[in-house]
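Colleague: Quick one: the structure is below, questions incoming.
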Amino acid sequence: MKLINNIYLARVLKENRALFILMCAYILGVLYYASRQREEFPFLLYGMYSLNEYAQPEYITYTITIGDKEINYDELPDTKKELITVPLAKALAAQERFEMDGMALVKLQAWLYEYTGAKEQGGKMSINKLTCRYGDDGRPVIVNKETIAIYGSK
């Protein structure tokens, strides 16, 4: 019985039942989202959703192909997806504005080559710029696909 008194949650249960329920709900929420590979505090990253998103006639996205297989971002954990897409998009946008030199982009490509596993597979990695728009059915349609970098051999 003395061990139970030393456990913090048991002490909170004895002292304040409402606080105990709130703490348990929070812990369960964190465990639920963590099991789904979401790393969000407390359950959402509020900053990501605070800015207005305006409709655009076209938008740019990037794909990475290793050998003949395109990386499916939906199959990656959120953290790995962000580590691939965010630096790539920011670097390529900076290069288009002439704010980044070519050597920095080559370093990023070399890092992506290793991080995506292309180096282990010994294949070539190509980075493609997709210009997309939404079709009448609301699904994205690729208007233009442009290979902007090829890294590796084969």
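The values are calculated or read from the model by the stated rules, or taken from the named source; none is laboratory data. As the structure is a prediction and not an experimental result, all values here were calculated from the model. Cβ placement follows ideal geometry from the backbone for every residue including glycine, while neighbour counts extend to all protein chains displayed.
Colleague: Which residues, taken from region 53-65, are at pLDDT below 85 and either assigned to a strand (DSSP E or B) or under 20 Å from the mean Cα position of the chain (by Cα) (or both)?
Modeller: If the condition is that a residue be at pLDDT below 85 and either assigned to a strand (DSSP E or B) or under 20 Å from the mean Cα position of the chain (by Cα) (or both), then Glu53 is the only one that fits.
Colleague: Turning to a different aspect of this structure: List the number of the failed condition for Glu146; all other conditions in (1) in contact (Cβ under 8 Å) with a residue 40 or more places away in the chain; (2) exposed (fewer than 11 other Cβ atoms within 10 Å of the Cβ) hold.
Modeller: Every condition holds for Glu146 apart from (1).
Colleague: Kindly indicate whether Leu88 is surrounded by 17 or more Cβ atoms within 10 Å (Cβ to Cβ) and within 14 Å of the chain's Cα centre (by Cα). I'd like the intermediate steps shown before the answer.
Modeller: On the way: surrounded by 17 or more Cβ atoms within 10 Å (Cβ to Cβ): yes; within 14 Å of the chain's Cα centre (by Cα): yes.
Yes: the conditions hold for Leu88.
Colleague: On to the next question. Any idea how many residues of region 91-135 are surrounded by 17 or more Cβ atoms within 10 Å (Cβ to Cβ), in a helix (DSSP H, G or I) and more than 18 Å from the chain's Cα centre (by Cα)?
Modeller: The total comes to 2.
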